[in-house]
Amino acid sequence: MAVAGARRRRIAFCARPAQNAAVMAAVVVFPGRSGSREGAAEIFFDRREWSRLIDLYGRMVAAGEWCDYGLERGRGRVAFLVFRGNRSLPAFRIVKAADAEGGAHGGRPFYLLTGPDGRILRRAPSLTTLLAPFERRLIRLWQREALPDPVR
C-alpha cells in the first residue's frame, strides 16, 4: 500500500515539469560550506596508497590484530583509523596531511602514525616507511603462530 502511494507522489511530482524546474534551480548554501575552499587542500589517499592500506588491514584482520577501520577527513588531511576489539577509540590513526607550500616537506604530503591518545608515534615522508613496523609485526606473527603465508 505504501509503495502505491509513493508511486503516486512521484508521478504527481513529475507531472508539473515547469514548477519542478523552478524548485530544482534554487541553490541553498549551507553555513561553513562554500564552493571555493581557499587555503584548504583537498587531500585523500591515492589508489596505490589506498590498496596498500586495505591490504595491510586485511592481513592484520586475518592475524586477529585489528577488527575495524574508519576514515576521517579534515582540512588538509585524511586519516585511516584502525580499531581493535570493540573499543570506540581507534588504536591507531594513519594520517596523510598536506604540507603548506615551502614547508618542511616542500609542499609534498607527509604521513603520521598517531596513537589512541593523539600522540604522534611516527612521522614519515612515504606511506611505505610509515607502515614498516606493522609489516615487521606481521612477519613475527606468522613465524610465531605459523599462519599460512598470504602470498602463496
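All of the numbers you see were taken from the coordinates with simple rules; none came from a lab. This one's a predicted model, so the numbers in the text were calculated from it and none came from an experiment. Don't worry about glycine lacking a Cβ; one is built from the backbone with ideal geometry, like all the others, and counts go over all protein chains shown.
Summing charges over neighbours of ASP46, with a neighbour being any other residue whose Cβ is under 12 Å away from its Cβ, gives +3 when K and R count +1 and D and E count -1.
The phi torsions of the stretch 54-65, fed into the Karplus equation with coefficients 6.51, -1.76 and 1.60 and a -60° offset, translate into couplings of 5, 4, 4, 4, x, 5, 6, 5, 4, 7, x, 8 Hz, rounded to whole numbers, with Gly and Pro shown as x.
Could you line up THR128, THR114 from fewest to most neighbouring Cβ atoms inside 10 Å?
Working: THR128 13, THR114 18.
Fewest-to-most Cβ neighbours within 10 Å comes out as THR128, THR114.
In this simple spin-label model, placing a label point 7 Å from the Cα along the Cα-to-Cβ direction at both VAL61 and SER88 gives a separation of 2.3 nm.
Residue separation times 0.36 nm, minus the C-alpha to C-alpha distance between ARG123 and GLN143: what's the value? Write out the running numbers ahead of the final one.
Details: separation 20, 0.36 × 20 = 7.20 nm, distance 2.77 nm.
My answer for the length gained is 4.4 nm.
Other residues with beta-carbon under 12 Å from the beta-carbon of PHE110 carry, at +1 per Lys or Arg and -1 per Asp or Glu, a net charge of +4.
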